[in-house]
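A short reminder: the numbers here are calculations on the coordinates, not readings from a lab. Remember, predicted model here, so these are calculated numbers, not experimental data. Cβ coordinates were reconstructed from backbone atoms using ideal geometry, including for glycine residues, and neighbour counts include every protein chain displayed.
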Amino acid sequence: MSECHRYTQIQSRKDFLTRTSLGFGSLGLASLINPKPSFGSETTTFESALPHFVPKAKRVIYLFQNGAPSQLELFDYKPLLEDMVGQELPESVRKGQRLTGMTAGQTSFPLAPSIFSFTRHGQSGAWMSELMPHTAELVDELCFIRTMYTEAINHDPASSFIQSGSQFPGRPAIGSWIDYGLGSENEDLPSFIVLITRNRFGQPLYSRLWGNGFLPAKHQGVEFRSGEEPVLYLKNPEGVSRDDRRSQLDVLAQLQQGQSQRFNNPEIEERISQYEMAFRMQTSVPEIADISNEPEHIFDLYGPECKTPGTFAANCLLARRLAEKGVRFIQLYHRGWDHHDDLPPKIKNQARDTDQPTAALLIDLKQRGLLDDTLVIWGGEFGRTNYSQGDLTEDNYGRDHHPKCFTIWMAGAGVKKGFTYGQTDEFSYNIVENPVHIHDFQATLMHLLGIDHERFTYKYQGRRFRLTDVHGKVIKDILA
């Protein structure tokens, strides 16, 4: 057998392309060794390294409310609906816009005002529902965006869209993009960490929502679970000491580096890097997850549930601890907001679970000086309809999906305090002033981190991809 024939047999197509694709393999390896400086040469090729300009935010805590909380019950006060309760949604308002399959068969669309009262709060005079009394006390710290909109009308594509910039699965999550571009401030913890409220049910959560997509695997989000083992398979098996594990990794690294030199495949170095991170996490994760050293007044601030691992309150407290340790992107998922029926009692429970911990997180960050360089985001994937799904009664109703307008808020680094941006119509159905597309929101988030979203690209399968796809603009009016 000729040497050439033997060589081609041991190589996969992917290995061959890696060795012969204009040096991208070596660039990938350089990014693993020193991710920040190499970004400019690997990803943007001729662009400057990140950050592109001085950032306002060093890190992000994203409180994602999976299932789409109703803006009508929480933030977007519409008194006209009280005068029109039970009347049909005017066609002049709906304008033939599409409906989901869950209400497309309804013959009637009766307008349903919120049964919860609204009051103005703070010097900004922002309207807030009685459901959020703790958050209402902090409205002068918040920047409300009332005019978010999306093309996605169902949960899975909508969640994928706001989390990855595409309705189709397979793209990198926001946190993965940020980790890839900016790297970590703490080599002992992942730069992108995911926390999920346990025992909360609703729309399914798929790990691809925090996946790395086509970016190197080290940039995927790492899920921290509640209980004794926050990260699965991190502990050594019984009978294996830390020194044993260190020796094992050293030998494994030598073997894999030999393979790397032979095939020049950056994924091999990627694997070594992940092993080393897991080894360091054996010490750092138990330390960060142990909240027993927190003073009692902090537990009182977050509420009684913060001592129960896996609750939203406990995850908010853990998010603050992770922020202190320099974790770049912290993503919390809280399910249960999909209220197609029995909305009033269900949303009341959801608000009770999230209101105090959310406010506590802001207070805690501020008193530690962390809110100045931490961006906090609260919101879901789309809004809810102003008409009732199913029967409308005096004290009960449901709401279907509504992608045409919904509310999120941001607080902290780089955004205006006590500010409300955009306006919906009197029915909270259409946007009448300052629409904000999903990609506009993502472009603004990246801008606050010092990233020009149009220059931040990754070449994959011959195309340069970016989080904001082919459009999106920074919402400069909300910047401090």
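Computed values, structure above
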{"item": "Antiparallel DSSP beta bridges within the chain, percent to nearest 5", "result": "50"}
{"item": "Cβ-Cβ FRET estimate between TYR233 and ASP83, R0 fixed at 56 Å, reported to 0.05", "result": "0.45"}
{"item": "Inter-label distance, nm, simple model (7 Å from Cα along the C-beta direction), GLU130/ALA217", "result": "5.4"}
{"item": "Per-peptide average of other Cβ atoms within 10 Å, ordering 298-310, 394-406, 239-251 highest first", "result": "394-406, 298-310, 239-251"}
{"item": "For the stretch 145-206 and the stretch 385-443, distance of Cα centres in Å", "result": "19"}
{"item": "Shape of the stretch 272-378, Cα gyration tensor, a/c cut at 1.5", "result": "prolate"}
{"item": "Euclidean distance between Cα centres, the stretch 56-124 to the stretch 218-266, Å", "result": "48"}
{"item": "Cα gyration tensor, the stretch 432-480 - rounded (a/c under 1.5), prolate or oblate", "result": "oblate"}
{"item": "Cα-based reach from LYS56 at 14 Å (exclusive), listing aspartates and glutamates while leaving out same-chain residues under 8 positions away", "result": "ASP372, ASP373, ASP452"}
{"item": "The stretch 404-463: proportion of alpha-carbon pairs further apart than 20 angstrom, %", "result": "42"}
{"item": "Global geometry of the chain, whether rounded, prolate or oblate, following the gyration tensor of its Cα atoms and the 1.5 cut on a/c", "result": "prolate"}
{"item": "Net charge of neighbours whose Cβ lies under 15 Å from the Cβ of ASN434, counting Lys and Arg as +1 and Asp and Glu as -1", "result": "0"}
{"item": "Nearest-0.05 FRET efficiency for ARG242 and VAL432, computed from C-beta distance (R0 35 Å)", "result": "0.05"}
